Amino acid sequence: MPSDIVVSLDLDDTFVTDNRLERTVALARLDALAAEHDTRYDRAAAEFSIDEFLTSERDTDRGTDTFIAWFYERFARAGRSAVNAANGYRAAVLAAAADHITAIPGACETLAELERLTIPHAMLTNGWSPLQEEKARLIGFQGPVFVSERIGARKPAPAAFARLSEHFVVPFEQIWHVGDNARADCGGAKGVGITTVWFDRQGETYPRDVPAPDYVVHSQAELLALLREAYAKPG
């Protein structure tokens, strides 16, 4: 019989790219606020601030809503208008998602093959809901999408990976997790006994202080071949 593996998939930079969606929306709305209030601001400082937040936000508990409200007030000095703009930020990002989200080359083929082989699979992603669910939907993914904000746990926390074990009712040893973030994906999954696949699309250097992944792939084509091979092994 084929292997009875369960596959967990990271979303951002593994299956989708969002082409700086959140950044683009944040800066566009900041420009509108600044123009409305006739405020000049340091564009370079604003870009640095939003980039720093979006880089760190996936790995911390800093709230998107709180930061965006601060961001608009800090640079546009718009008072109540900044709060109103922040309240509408998530909706604006969702409205713009279809114009920004694209699948990583080969991602749709991998998902189709997982369906064809009837390999149980789910997305496990850090970020906010419902944006991450919408990203998955836009590339045609119809399975479970476990988002850190919704499940109350962020990778690399063991509790995030425990959600997979609970959902599929399988031990960690039966799960394979694929992701591009060495610490959040591979380090976290390895820590609970999950088989790890590092999706190294950019040719990066793997951190020495993170347990080595079980496998390394550089493209969706390589990932698909690996999953086919794993599935074909006797369970």
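Values in this text are rule-based calculations from the coordinates and carry no lab data. A quick note: this is a predicted structure, and the numbers were derived from the prediction, not measured. Positions of Cβ are generated from backbone atoms using ideal geometry, with glycine treated the same way; all protein chains shown enter the neighbour counts.
When all alpha carbon pairs of segment 135-235 are counted in 10 Å bins from zero, the resulting P(r) reads 14, 43, 38, 4 %.
Counted over the chain, the DSSP beta bridges are approximately 15% antiparallel.
Compactness of the chain, taken as the C-alpha radius of gyration over 2.2 N^0.38 Å, stands at 1.10. Panel order for LEU227, LEU114, LEU9, by other beta carbons found within 10 Å of each beta carbon, from fewest to most: LEU114, LEU227, LEU9. Using the Cβ-Cβ distance between THR66 and SER219 with R0 set to 41 Å, the FRET efficiency from 1/(1 + (r/R0)^6) comes to roughly 0.65. Computed from Cα atoms, the angle from the helix 220-232 axis to the main principal axis of the chain rounds to 30 degrees.
Our analysis of segment 21-99 gives Rg over Rh at 0.94, with the two radii drawn from alpha carbon positions and Rh computed by the Kirkwood formula.
The distance between label points at VAL83 and GLU173 comes to 5.5 nm (points 7 Å beyond Cα on the Cα→Cβ vector).
With the Cα gyration tensor of segment 113-159 giving a ≥ b ≥ c as the square roots of its eigenvalues, does the rule (a/c under 1.5 for rounded; else a/b larger than b/c for prolate; else oblate) give rounded, prolate or oblate? Cα axes put segment 113-159 in the oblate bin.
Full extension of the chain between GLU115 and TYR206 gives 29.7 nm of extra length, using 0.36 nm per residue less the Cα-Cα distance. Remark: the ILE151-ALA98 segment gains 16.6 nm on full extension, using 0.36 nm per residue and subtracting the alpha carbon distance. Computed from Cα positions, the angle between helix 158-168 and the longest principal axis of the chain comes to roughly 60 degrees. Amide H contacts of VAL216 (H built 1.01 Å from N, in plane; Pro and chain starts excluded): TRP198 sit under 5 Å, all sequence-distant by 5 or more or on other chains. The trypsin sites (Lys or Arg not before Pro) of segment 162-235 meeting both criteria, a DSSP state outside H, G, I, E and B (loop) and at most 11 other C-beta atoms within 10 angstrom of the site's C-beta, are ARG208. Remark: GLU166, GLU149 ranked as GLU166, GLU149, counting other beta-carbon atoms within 10 Å and listing the fewest first. Calculated mean residue ellipticity, 222 nm, the chain: -13500 deg cm²/dmol, from DSSP H runs (n ≥ 4) at -39500 (n - 2.57) each, averaged per residue and rounded to 500.
When each of THR39, THR125 is scored by the number of other beta-carbon atoms lying within 10 Å, the sequence from fewest to most is THR39, THR125. Amide H contacts under 5 Å for SER129: GLU149, ARG150, restricted to partners 5 or more places along the chain or on a different chain, H placed in the peptide plane at 1.01 Å from N.
Evaluating kT/(6 pi eta Rh) at 25 °C and 0.890 mPa s, with the Kirkwood radius of segment 59-163 over Cα pairs in the Stokes-Einstein relation, gives 156 µm² s⁻¹.
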